[in-house]
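Single-structure report; data block below.
The values are calculated or read from the model by the stated rules, or taken from the named source; none is laboratory data. Keep in mind it's a predicted model, so treat the numbers as computed, not measured. A quick note on method: Cβ atoms are made from the backbone with ideal geometry, for glycine too, and the neighbour counts reach across all protein chains shown. Surface accessibility is based on the protein's heavy atoms, side chains included, excluding ligands, DNA and RNA. Shrake-Rupley method; radii C 1.70, N 1.55, O 1.52, S 1.80 Å.
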Amino acid sequence: TQLLEQSPQFLSIQEGENLTVYCNSSSVFSSLQWYRQEPGEGPVLLVTVVTGGEVKKLKRLTFQFGDARKDSSLHITAAQPGDTGLYLCAGTTTDSWGKLQFGAGTQVVVTP
Amino acid sequence: GAVVSQHPSWVICKSGTSVKIECRSLDFQATTMFWYRQFPKQSLMLMATSNEGSKATYEQGVEKDKFLINHASLTLSTLTVTSAHPEDSSFYICSAGGTSGTRDTQYFGPGTRLTVL
């Protein structure tokens with residue numbers, strides 16, 4: 001059983017549409033990260049959130065950390081083909097000694 | 001941002017041989033590095049935590065005698081897959097703990113594709 005549940009597992013949308021990826025857990029996280037990974041490459045850090053209720057924006061990407069620090073979401077506005085990739089959420093709990101717990105990932109495909 | 005490199009980026013070896021993968025933090029010192037394995041269309045699975053100057057801590061189910069980890073300096077950790085078999089074929093990724101942002105932030109290497117024939 002994974003500590004972090006990501007949904008949906010797969011998302012295929014047209015260019016210009018919006019999308020949201022969710023990351024949920026029953027555990028409280030001291031911090032949570034979102035990564036994007038392309039085939040054959042390592043994950044690239046997009047954002048780190050640490051404060052409950054925190055909202056961070058990175059161009060067309062908006063990240064939210066739940067008030068209770070148990071869930072997070074990634075929203076992409078006006079998706080572009082370059083947003084295609086595997087989106088991973090990962091978090092650390094207070095007793096995980098810095099180890100990241102990864103969600104299963106959401107494969108996003110944006111078609112022109 | 002922090003840069004982590006891996007070498008080689010891909011390797012093909014015969015069954016029974018050993019393969020060494022290097023992970024380097026290029027512009028920061030990392031007291032802790034992590035090794036992950038990723039199978040196709042799956043997420044990253046933590047194999048072990050590597051601490052500079054001490055023995056690595058392995059996750060449950062990971063054979064420490066098969067996956068030898070050495071963290072000899074603050075910028076280099078190595079993973080050696082001993083007596084490799086086809087089932088060890090996978091994408092191996094390392095990460096290093098960063099000092100910017102929170103202490104929990106990890107920066108990932110580009111990965112090493114291992115194929116065992």
Of the residues in the range A:33-80, those that are at the interface with chain B (Cβ under 9 Å from one of its Cβ atoms) and under 21 Å from A:GLN9 (Cα atoms) come to A:GLN33, A:TYR35, A:GLN37, A:GLY40, A:GLU41, A:GLY42, A:PRO43, A:VAL44, A:LEU45
Screening A:ALA104, A:ALA78 for residues that are closer than 18 Å to B:SER43 by Cα, in a loop (DSSP other than H, G, I, E, B) and open to solvent by 20 Å² or more (accessible area, probe 1.4 Å) leaves only A:ALA104
Restricting attention to the range A:82-98, the residues that are under 16 Å from the mean Cα position of the chain (by Cα) and facing another protein chain (nearest Cβ under 9 Å) number exactly 5
Go through the residues of the range A:99-111 one by one and say whether even a single one is free of Cβ contacts under 8 Å to residues at least 60 places away in the same chain, more than 10 Å from the chain's Cα centre (by Cα) and facing chain B (nearest Cβ under 9 Å).
yes
Within the range A:91-101, residues open to solvent by less than 50 Å² (accessible area, probe 1.4 Å) and either more than 18 Å from A:CYS23 (Cβ to Cβ) or touching a Cys at 6+ places or on another chain (Cβ under 9 Å) (or both) come out as A:GLY91, A:GLY98
Reported set for the range B:1-33 where residues are in a loop (DSSP other than H, G, I, E, B) and either among the polar types (S, T, N, Q) or open to solvent by 70 Å² or more (accessible area, probe 1.4 Å) (or both) is B:GLY1, B:SER9, B:LYS14, B:SER15, B:THR17, B:SER18, B:LEU26, B:ASP27, B:GLN29, B:THR31
